[in-house]
Amino acid sequence: MRSGGPVLVRLFIAAALIAATVAIQAIFMSAGLSIFRRMEARHPDYLRRNATLVTVVWIIYLLVPVMLDVILWALFFTIFGVLPSFEDAAYFSTVTFTTVGYGDIVLGKEWRQVAVFEAVNGWIIFGWATALMMAVIQRLYFRSGDGDR
């Protein structure tokens with residue numbers, strides 16, 4: 001499928017990859033928030049005393065699904081022969097997913113639209129991850145009734 005097939009097939013593939021990354025993010029979000037809620041219920045003092053550590057762990061935890069998303073896109077580009085190696089595909093996907101877009105590796109004309117959807121996917125996922133980071137930070141540092149916290 002090096003040529004990419006019809007444009008609608010390529011766009012369907014992009015939509016399927018976006019759906020997969022959203023599912024990955026949702027699974028991690030649900031699991032992480034469930035653990036956080038249990039800790040909040042059972043060990044609220046620990047969370048307050050170690051708010052910085054909990055914040056760092058939470059942010060690193062939320063980067064794991066982002067890395068999985070980038071790997072998923074890179075695997076797609078490698079399996080379908082869009083890019084010559086997994087290393088190139090992983091680099092391209094990282095640059096595209098994060099919307100940095102260096103442009104030193106580019107896709108063929110027939111795959112450019114798919115790359116745009118990867119960038120949109122990254123924009124959505126990073127916005128979602130940022131919202132989750134802020135939700136936990138607010139719970140840790142800005143609880144009502146915590147005096148001057």
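Within the range 89-111, can one find any residue that is of a type in the set (S, T, N, Q) and more than 17 Å from the chain's Cα centre (by Cα)? Lay out the reasoning, then the answer.
So the first thing to find is which residues in the range 89-111 are of a type in the set (S, T, N, Q), and the list is 93-94, 96, 98-99.
From what's left, more than 17 Å from the chain's Cα centre (by Cα): none.
Taking every residue of the range 89-111 in turn, none turns out to be of a type in the set (S, T, N, Q) and more than 17 Å from the chain's Cα centre (by Cα).
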Residue within the range 27-44 that is without any contact (Cβ under 8 Å) to a residue 60 or more places away in the chain and within 12 Å of the chain's Cα centre (by Cα) present: yes
Which listed residue, of L53, L62, L17, is under 30 Å from L140 (Cα atoms) and in contact (Cβ under 8 Å) with a residue 60 or more places away in the chain: L62
Near pairs, Cβ below 7 angstrom, 6+ apart or cross-chain, from the range 106-130 (without any contact (Cβ under 8 Å) to a residue 60 or more places away in the chain and farther than 13 Å from S93 by Cβ) to any residue that is assigned to a loop (DSSP other than H, G, I, E, B) and among the β-branched types (V, I, T): W123/T99
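Readers should treat all values here as calculations from the given coordinates under stated rules, not as data from a laboratory. Just so you know, these numbers come straight off a predicted model, no measurement behind them. Every residue, glycine as well, gets a Cβ built from its backbone with ideal geometry; the counts of neighbours run over all protein chains shown.
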